[in-house]
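Notes for the one structure printed next.
The values are calculated or read from the model by the stated rules, or taken from the named source; none is laboratory data. These figures come from a predicted structure and were not determined experimentally. Don't worry about glycine lacking a Cβ; one is built from the backbone with ideal geometry, like all the others, and counts go over all protein chains shown. Heads up: the accessible areas ignore ligands, DNA and RNA and are worked out on the full protein's heavy atoms, side chains in. Shrake-Rupley method; radii C 1.70, N 1.55, O 1.52, S 1.80 Å.
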Amino acid sequence: MYLVMMGVQGAGKGTQAAILKERLGIPHITSGGLFRAMKDQDTPLARQVRDIMARGELVPDDITIEIVKERLQQPDARRGFILDGFPRTCPQAEALDAIMAEMGEALTAVLFLNLSDQEAVDRISGRLQCELNEKHIYHVKYNPPRTPGVCDVDGGRLFQREDDRPEAVRKRIAEFHEKTRPLLDYYDKQGLLVEIDADRPIEQVTEAILAALEQKRA
Ligand code: AMP
């Protein structure tokens with residue numbers, strides 16, 4: 001299955017993708033994670049990406065496409081993937097179509113986790129991430145760790161991401177409406193779009209996604 005997760009920051013893409021990864025046995029690939037993995041590199045490109053991310057802006061398409069393409073060509077992504085955070089612009093969506101065509105495959109579904117901006121801000125401002133594994137994500141209210149400030153899985157310290165601060169959050173939400181929302185139409189026209197109400201508890205959203213995928217398969 002080749003899945004794309006879409007939705008405003010805070011909609012639960014990362015949380016759901018981590019669950020789906022286990023249920024479906026395919027890798028969870030995040031463009032944000034690929035960029036954050038560059039954080040220790042001391043190259044002009046890594047410095048440029050770091051500055052852009054800290055401001056909550058989008059990394060230029062050519063850089064993003066190159067980095068994601070390289071990741072999608074790894075052997076573990078041949079059998080399927082859950083792509084989270086990419087594509088975010090029309091040129092990125094077109095590039096993904098070209099990558100899939102080169103692989104001789106096609107996307108299975110695009111899952112749009114729909115959440116209001118206000119709820120998104122609420123969620124992001126309470127989001128915590130593990131310092132040892134960025135895919136271990138919590139929320140002070142909706143998904144608290146067993147011990148405050150400590151990751152349930154590996155004991156890592158929990159912290160707030162720099163781009164989860166209010167100013168960067170507002171910028172990222174604006175970027176979503178301006179550049180990413182048009183993609184919903186793009187995928188709807190291809191019959192790939194599945195809209196999921198994300199303003200529900202985590203388990204209910206997962207069940208809705210799995211039911212929708214089941215229907216797609218039928
Ligand atoms: P995320 O973890 O998906 O919220 O991504 C964090 C940051 O990485 C974003 O605010 C952007 O600066 C950058 N980024 C991630 N994915 C993309 C993308 N597809 N296109 C451009 N920039 C991206």
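Taking 37 °C and 0.692 mPa s as conditions, the chain diffuses translationally at an estimated 185 µm²/s according to Stokes-Einstein applied to its Kirkwood radius (Cα pairs).
Any chance you could tell me what percent of the C-alpha pair distances in the stretch 1-107 go past 21 Å? Tail of P(r) above 21 Å: 35 percent of Cα pairs. Within the stretch 108-138, the GluC sites (Glu not before Pro) that combine a DSSP coil assignment with at most 13 other C-beta atoms in a 10 angstrom radius are E131.
Taking the three principal axes of the alpha carbon atoms in the stretch 62-187, the coordinate ranges are 46, 33, 25 Å, sorted in descending order.
Cysteine residues of the chain whose Cβ has no partner cysteine Cβ closer than 4.7 Å: C90. Stretched out straight at 0.36 nm per residue, the stretch from A106 to K189 would grow longer than its current Cα-Cα span by 28.4 nm.
Taking the accessible area of the chain, probe 1.4 Å, and keeping the other protein chains in place, the carbon and sulfur fraction comes to 50%. At a temperature of 20 °C and a viscosity of 1.002 mPa s, determine how fast the stretch 1-47 diffuses translationally according to Stokes-Einstein, using the Kirkwood radius over alpha-carbon pairs as Rh; express D in µm²/s, rounded to the nearest whole number. In µm²/s, the coefficient rounds to 174.
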